[in-house]
Amino acid sequence: MSNKQDEKIFRDKFKGIQRRQKLILIFVAIVYVVLLSYLIKFDEILGQLSRELEFAIAVILILPVVFILINWRCPKCGAFLGRKFTDQCPKCGLKLK
Ligand SMILES: [Zn+2]
């Protein structure tokens, strides 16, 4: 397979990665808003949170981070692409756009 074809495959893969990244960010935004309003209500009723609820919240907050750490990687070398959006892999230099 030629380099050009390889690059196209990686770019297509990266499009999928970007799509998943957008979806998780939308999901996170919705969950955080719902969770926040729920917590405010809960706080008013009980005055404090139960241990189980604290644990559930921790899981909900950590899961998207884990997902992003797994998903947001270079399709060629697997390096994490960092918090800022780049159009090039910081490790192998693969052009992502
Ligand atoms: Zn790379």
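Observations on the model:
- V31 versus F55: modelled label distance in nm, points set 7 Å from Cα along the beta carbon direction: 1.8
- Amide hydrogen proximity for L96: with H placed 1.01 Å from N in the peptide plane, the residues at 5 or more positions away or on another chain lying under 5 Å are Q88, C89.
- For the chain, the mean residue ellipticity at 222 nm estimated from helices alone is -24500 deg cm²/dmol, where every DSSP H run of n ≥ 4 contributes -39500 (n - 2.57) and the total is divided by all residues, rounded to the nearest 500.
- For the chain, the relative contact order is 33 percent, taking Cα pairs closer than 8 Å that sit 6 or more residues apart in sequence and dividing their mean separation by the residue count.
- P(r) tail fraction, the chain - alpha-carbon pairs more than 17 Å apart, %: 60
- Under 20 Å from K15, Cα to Cα: lysines that are on another chain or at least 8 residues apart: K4, K76, K84, K91, K95, K97
Values in this text are rule-based calculations from the coordinates and carry no lab data. Since the model is a prediction, treat every value here as computed from it, not as a measurement. Heads up, the Cβs are rebuilt from the backbone with ideal geometry, glycines too, and the neighbour counts pull from every protein chain shown.
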